[in-house]
Amino acid sequence: MNDEPLKQDRVIPLLILCALGAIAFTCLGGVLVYNNTQRVSEIGDWLDHSHNILTTLQMQSQRLERMNYGVQLYQATGSNTELRLAQSSAISMHADVLNLESLVRDNPEQMRHIRELDGKLNELSRALNATTLSGNTIDQRIQDCRRVVNEIQQEETDLLRQRTDARQKGRVLTVLSGAGFLGCSLVIVVALFGFLLRDAFRRHSFERQISIANDQLAATIKELEQRGREAALLKEARDELQLCVTLQEAEECTVRHFQELVPGSRGAILLTNDSRSLTESAATWNHPDSLLDAFDVDACCGLRAGRPRWRKPGQSELHCSHFLGTPPENYLCIPLVAQGETLGFVYLEFPTNEIASVAEKRISLVEEMVELSSMAFASLNLHAKLASQSIRDGLTGLFNRHFMEVAFERELHRALRRHAQLAVMMLDVDHFKSFNDTFGHEAGDIVLRSVAQSFQQSVRSEDIVCRYGGEEFIIILPEISEKLALERADTIRRNIHGLRMKLNGETQLSVTVSIGVAMYPTPARDAANLVRLADQALYEAKRAGRDRVYLAQDSSHSQDATELLLPAVSFGEGAKA
């Protein structure tokens, strides 16, 4: 373990030495190559110089031949033209000699031959310009010039051969030095490349580890972000469920969040009825057409098991029986349980395997969403139950006296605002005390429940039926005329008169009611006056023989209260005008 840092510490000095060696070899090789190149270049220049001299000498030889040929023609034909051509060639040879003199200025031996050639050419020129031409003399002069030219040409050829050999040696030396430099450079480069390659492999390995770590970190961040979004979704669902004031609002909120939690799924919220024998569809999303709207509690395997049940192909082949036609292949049933009570279940259907895979990954969130919904449903059910208990009578299920007072105030303001009439009936069960004394309080409770049920079946949906106290009831009828109010009151009286109730399966009970009716805004002017007039009309109906309806009259011009309330209109057996 301790050798690795030492090796790493030696790598840097070794790399520096290799780099310095590479620089030194590169500089040395560059100097050698430069020198050899310069030498070869100079030799090449001398070779060109020698070729130039040889070319000029060759031209001199050709001119001498032409001159000799021209002199011979002149001697044979006597043509002055040929003589002039020979003289012109001699002049041209003098110009070439001057050129050769400039070319061989660095070579004393060649300079001596050039001067000799120049002297021979002068003699040749004098012989050509003489008055009488001597053929032998001219031939001798031409031969002398040719001899000197050949000597110069021979020496220059030797120089050319030497320079060619020198250039060849220079080339070989350049190749050898280049090869040596290249070999040393390759060794250094390979060494450096080996170090760099090893470092590159190490760096690549390190970068791969970093990349893997970054991928893992990115996946972790993505997972955390996903969990954050899911947590935000659950928090939003919890906050919205807390804002819901009705069960329908909570169901709509739950449906919306299930659609966001498992996109593409179909489903429904199904709740059991009050008798716990039937499960009914309360809310759906994306139209689960194969699901029945209502069915027995035992039709769902999830409800029977009391825990979430996922039906998958090849895993759990048993289907629930709450489907119409062929059941889907992939679905999930999760019971809605809160405070130890099963409220129903949530049904999720997955049309594709991809949607099922998403749901499987988020199954814990789905279950938590179901738990939140269960708590919200139970809380709203409890709230509704408590609210119902606060405004309804526990025995009859009718509104209680407190709600009646609130309703009175609201309906009177509404009638005043709309310039409409309002009727109030005060009803009393005839001889109720004797029922309790003869048959007991249980029979009295049966009578009150039956009478209350008959009331609810005999009034409009907007009418308000309240238990005023004991066996007394009040019915508020908004926006109704006096005639219709009396007809409705007599209908109620006749329906109660026709009731027959069995006690212990043997004794039949029959009851009657007396009803007092008062109208607003006349003769009553406010809620208290309206109730008082209805109560007095009820008293007159009971005093007149019970099982009848009396209408309270306007008493603004009379002094005797009893006489004031003698009805002008009454219904019932033995009614008096």
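The values are calculated or read from the model by the stated rules, or taken from the named source; none is laboratory data. Everything numeric in this text was worked out from a predicted model, so none of it was measured. Glycine also receives a Cβ, built like all others from the backbone with ideal geometry; neighbour counts cover every protein chain displayed.
Is it the case that the stretch 318-328 has a residue that's without any contact (Cβ under 8 Å) to a residue 40 or more places away in the chain, part of a helix (DSSP H, G or I) and closer than 22 Å to Arg276 by Cα? Looking for residues that are without any contact (Cβ under 8 Å) to a residue 40 or more places away in the chain, part of a helix (DSSP H, G or I) and closer than 22 Å to Arg276 by Cα, one finds none in the stretch 318-328, hence no.
The residue list Glu482, Glu487, Glu506, Glu540 contains one member that is of a type in the set (Asp, Glu), at pLDDT below 80 and in the same structural domain as Phe435 (by TED's automatic domain parsing), which is Glu506.
For the stretch 298-317, how many residues are assigned to a loop (DSSP other than H, G, I, E, B), within 28 Å of Asp274 (Cβ to Cβ) and among the basic types (Lys, Arg)? Spell out the reasoning first.
Residues of the stretch 298-317 that are assigned to a loop (DSSP other than H, G, I, E, B), as a first pass: 300, 306-308, 312-317.
When the remaining residues are screened for being within 28 Å of Asp274 (Cβ to Cβ), the result is 300, 306-308.
If we keep only those that are among the basic types (Lys, Arg) too, we end up with 307.
The qualifying residues number 1.
Among the residues of the stretch 457-486, those that are in contact with an Asp or Glu (Cβ under 9 Å, 6 or more places away or on another chain) and over 22 Å from Tyr520 (Cα atoms) comprise Gly470, Glu471. For the stretch 24-45, a residue qualifies if it is more than 18 Å from Ser185 (Cα to Cα) and either surrounded by 17 or more Cβ atoms within 10 Å (Cβ to Cβ) or in contact (Cβ under 8 Å) with a residue 60 or more places away in the chain (or both), and the qualifying residues are Asn36, Thr37, Arg39, Val40, Ile43, Gly44. Here Phe350 passes the criteria (1) assigned by TED's automatic domain parsing to the domain that holds Leu533; (2) in contact (Cβ under 8 Å) with a residue 40 or more places away in the chain; (3) under 57 Å from the mean Cα position of the chain (by Cα) except the one numbered (1). Pick out the one residue from Asp239, Asp274 that is free of Cβ contacts under 8 Å to residues at least 12 places away in the same chain, over 26 Å from the mean Cα position of the chain (by Cα) and either over 23 Å from Tyr331 (Cα atoms) or in the same structural domain as Arg304 (by TED's automatic domain parsing) (or both). Checking each option against the conditions leaves just Asp274. Look at the stretch 288-317: where a residue is touching a residue at least 60 places away in the same chain (Cβ under 8 Å) and surrounded by 12 or more Cβ atoms within 10 Å (Cβ to Cβ) and a partner is outside any helix (DSSP H, G or I) and among the acidic types (Asp, Glu), sitting 6+ places away or on another chain with Cβ atoms under 8 Å, you get Pro288/Glu349.
Okay, residues lined up against (1) under 20 Å from Arg532 (Cα atoms); (2) within 60 Å of the chain's Cα centre (by Cα); (3) among the basic types (Lys, Arg):
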| residue | (1), (2), (3) |
| --- | --- |
| Phe403 | yes, yes, no |
| Leu412 | yes, yes, no |
| Ala420 | no, no, no |
| Leu427 | yes, no, no |
| Gly440 | no, no, no |
| Gly444 | no, no, no |
| Arg449 | no, no, yes |
| Tyr468 | yes, no, no |
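Ser461 falls short of the stated requirement of being part of a helix (DSSP H, G or I) and either within 22 Å of Arg414 (Cα to Cα) or out of contact with any Gly (no Cβ under 7 Å at 6 or more places or on another chain) (or both).
May I ask you to say which residue of Ala378, Ala384 is farther than 19 Å from Gly516 by Cα and either of a type in the set (Ser, Thr, Tyr) or touching a strand residue (DSSP E or B) at 6+ places or on another chain (Cβ under 7 Å) (or both)?
Details: Ala384 fails: either of a type in the set (Ser, Thr, Tyr) or touching a strand residue (DSSP E or B) at 6+ places or on another chain (Cβ under 7 Å) (or both).
Unique residue meeting the criteria: Ala378.
In summary, Gly470 fulfils each of the numbered conditions (1) surrounded by fewer than 15 Cβ atoms within 10 Å (Cβ to Cβ); (2) at pLDDT below 85 with the single exception of condition (2).
As a summary of the residue check, Arg63 satisfies the conditions (1) more than 30 Å from Arg163 (Cα to Cα); (2) modelled with pLDDT of 75 or more except for the one numbered (1). Of Asp118, Asp139, Asp106, all but one fail to be not polar (S, T, N, Q) and not in a helix (DSSP H, G or I); the exception is Asp106. Would you check if Gln153 is assigned by TED's automatic domain parsing to the domain that holds Ser61 and part of a helix (DSSP H, G or I)? Criteria met by Gln153. Of all the listed residues (Ala420, Ala443), the sole one being surrounded by 15 or more Cβ atoms within 10 Å (Cβ to Cβ), touching a helix residue (DSSP H, G or I) at 6+ places or on another chain (Cβ under 6 Å) and not hydroxyl-bearing (Ser, Thr, Tyr) is Ala443.
From the set of residues in the stretch 331-356 that are at pLDDT below 90 and in a loop (DSSP other than H, G, I, E, B), which is surrounded by the fewest Cβ atoms within 10 Å (Cβ to Cβ)? That would be Gly340.
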